[in-house]
1. What whole-number distance in Å separates the alpha-carbon centres of segment B:62-127 and segment B:138-171?
2. What residue among A:VAL26, A:VAL168, A:VAL44 shows peak mean-square fluctuation when chain A is described by a Gaussian network model with Cα springs under 10 Å?
3. Rounded, prolate or oblate: pick one for segment A:103-174, where a ≥ b ≥ c are the square roots of the eigenvalues of its C-alpha gyration tensor, a/c under 1.5 means rounded, and failing that, prolate if a/b is larger than b/c, else oblate.
4. Only counting other Cβ atoms within 10 Å, I'd like A:VAL123, A:VAL231 sorted with the fewest neighbours first.
5. In degrees from 0 to 90, rounded to the nearest 10, what is the angle of the helix B:302-330 Cα long axis to the longest principal axis of chain B?
6. Compute the helix-to-body angle for B:129-143: its Cα long axis versus the longest principal axis of chain B, expressed 0 to 90° and rounded to tens.
7. Suppose every Lys and Arg Cβ carries +1 and every Asp and Glu Cβ carries -1, with no other charges. What dipole size does segment A:177-303 come out with about its Cα centre, to the nearest 20 debye?
8. Compare the Cα positions of B:VAL38, B:PHE13, B:VAL309 along the charge dipole of chain B (+1 at Cβ of Lys, Arg; -1 at Cβ of Asp, Glu; about the Cα centre) and return the one farthest towards the positive end.
Amino acid sequence: MNAVDAALMVERLRVEFPVLGGKPKVAVRDLDLSILPGEILGLVGESGAGKTTLARAILNLPPPPGRIVAGVIQFDGKDLLRLSERELQSIRVRNISMVVPNPRGELNPLVPVGEQLASIARVHLGKDKSSARAMALEMLRAVQIPDPERRMRAYPHELSGGMAQRVVIAIALMCSPRFIISDDATSGLDVTVQAQILELLSHLARKQGSAMLFITRDIGITAHFCDRVAVIYRGEIMEIAPRESFFLSPRHPYTMLLLAAFLHNPQLRQAWTHPDASLRVNPDAGIGCAYTYRCPRAREMCHTIRPPLAERTSGHFVRCHFPLERE
Amino acid sequence: MRLILYIGRRLLFIVPQLLGIVLVGFLLVKSIPGDPAVLMLGPTATPDAIASLHTKLGLDRSLPVQFWIYIRNLAHGDLGTSWQTTRPVLEDLVQRFPATLELVSLGLVLAVLIGVPLGLASAFNESSWLARIANFYGLGAGSLPDFWLALVLIFIFYTTLQWVPAPLGRIDLSLVPPPPVTGMLTVDSLLAGDWSAFRSAVGHLILPALTLGLINAGPILKMTQSSMEKMLQSDFSRYEVLCGMPHRLVVRHALRNALPSIVTIISVLYGFLIGGAVLVEIVFSWGGAGQYAVQGVLNSDLYPVLGFVLFSAIFSLFVYLVVDLIYFAIDPRISH
């Protein structure tokens, strides 16, 4: 895959969080990732794996106090990490947008949602006041908010969680961006609403032809929506593969654990958990494999040599010295 | 409609609130040691004379009875008589309260004009030179005593530069004060079209008001800075940045969210300064209500103190009502 084809390409991205009087904590470790135009890439990992940090770092806004210390983010022939604040402003939402979790906390509590949508159209699409409002209304309709005329005047606290999520999706899709990041967009919603929202989001993204990085903790969701699936563990991609290959022949021990957990299969889960490691952490991250201390298959070399993300079969990359063989 | 109901309910509660405040004030003043009869008659008074004055003043009755009598008189608009000025307290306060109000209001306006912009500037950019000045200023304003600053200002602007009239009272003694309408000399002189009186009143007002302004800009600055910083780091501000909104717009939205806490600190200062400006009043011989009340406390003069408590309580309740209405206008969440 080369830079010209990809909608967005992350190269050797490293994000660190300073630690008072110690070595900084690495949240995203020299990560490479590229996403094709129109592709939906699922990114799965447990909390603290660096999913949100990665998502925000792509927009050059790592969550404070995190800092991007190295890397390149190729988009549209430019490196987003080397653009001025003003240039970034014109790309955010306009070309790369983000669907955030917990949207009721993310929307400005004192501004009616219609106005928040309309201001996006005014700022990024140069619309005048009335056509911006018309567009906002149209977007509320597109995300299937009931009674959109009335909701235009509603304040965020007057919306349900599901409706607020739809508003955030409307904002993310408003400018038909080429790239959408969905960061755990449905975490706070109940299951039926979750399914509707995801259906809507992927439907609209496909309709617009936007590529999407779909971040979630729920590996099951990715089976429905994603063209490719990646697993992230402690800031590193452990496995990345086209959907069929990923689910039919998972290769990484951590992926197996995630799948076992998703299937609620205790035997399988036990088989893929290190016998005496409930949640041990590799004290010397960066030298050996990050997963060694939880890995039931770990051997001597796993502690000393960091495995590369290697292509095992076509398009199926695994970061493991001893990946599972196809059965 | 909901607003009118709300205001009505608030006004309804004002009477019991005031009664409570007067009761507490009454008990506190009564608990101050000192016998007004002894102070009034002087050191040579006989016990008989003191006893008869006690009866005359009603001091021989029980505390609840005394309080009941005070409340009954209050209902008829009688706030009692000050034995020091030998005038009805209501008359004294009507004259002096506007003087304090005028001073404190202008002082607070100056404090807002200094504190809010500096606070905003330092919240935008923590490393700018303006932010450093603001930090230094916030420290200084919090630690300087107001009467000392008043004396420094007098030294600079009166003694040395001679830009302002002598710090004695509210207007030149040689001038005839304008006929009282509001009791505030600047306003009254404008209403009367008396320019020389207006100039003199402003000249007298500017230094004490500046003193209050410079001192009280400190807390306003700190509050503006901290609530603005909090809002700029909040999820919704970060989301607006994420959405590529221009800095200007993000700041304006954050300011709207920070406004309630800024308004709160201003209103608290306003109520506090009615009595809290007393040292500045003394330095400038202002003859305001705070000075009047302190004299009352020092001389066991009960009624001026209670009258002052009542006046400032009414004023504070009014300020808080206005503040609640401002919240109403700013934040749609409150009206639900």
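Just so it is clear, none of the values below were taken in a lab; they were calculated from the coordinates. On a predicted model such as this, the values are computed, not experimentally measured, just so you know. Every residue, glycine as well, gets a Cβ built from its backbone with ideal geometry; the counts of neighbours run over all protein chains shown.
1. One Cα centre to the other: 22 Å.
2. Of A:VAL26, A:VAL168, A:VAL44, the Gaussian network model singles out A:VAL26 as fluctuating most.
3. In terms of gyration-tensor shape, prolate.
4. Taking fewest neighbouring Cβ atoms as first place, the list is A:VAL123, A:VAL231.
5. 20 degrees
6. Roughly 20 degrees, rounded to the nearest 10.
7. It comes to approximately 200 debye.
8. Final value for the positive-end residue is B:PHE13.
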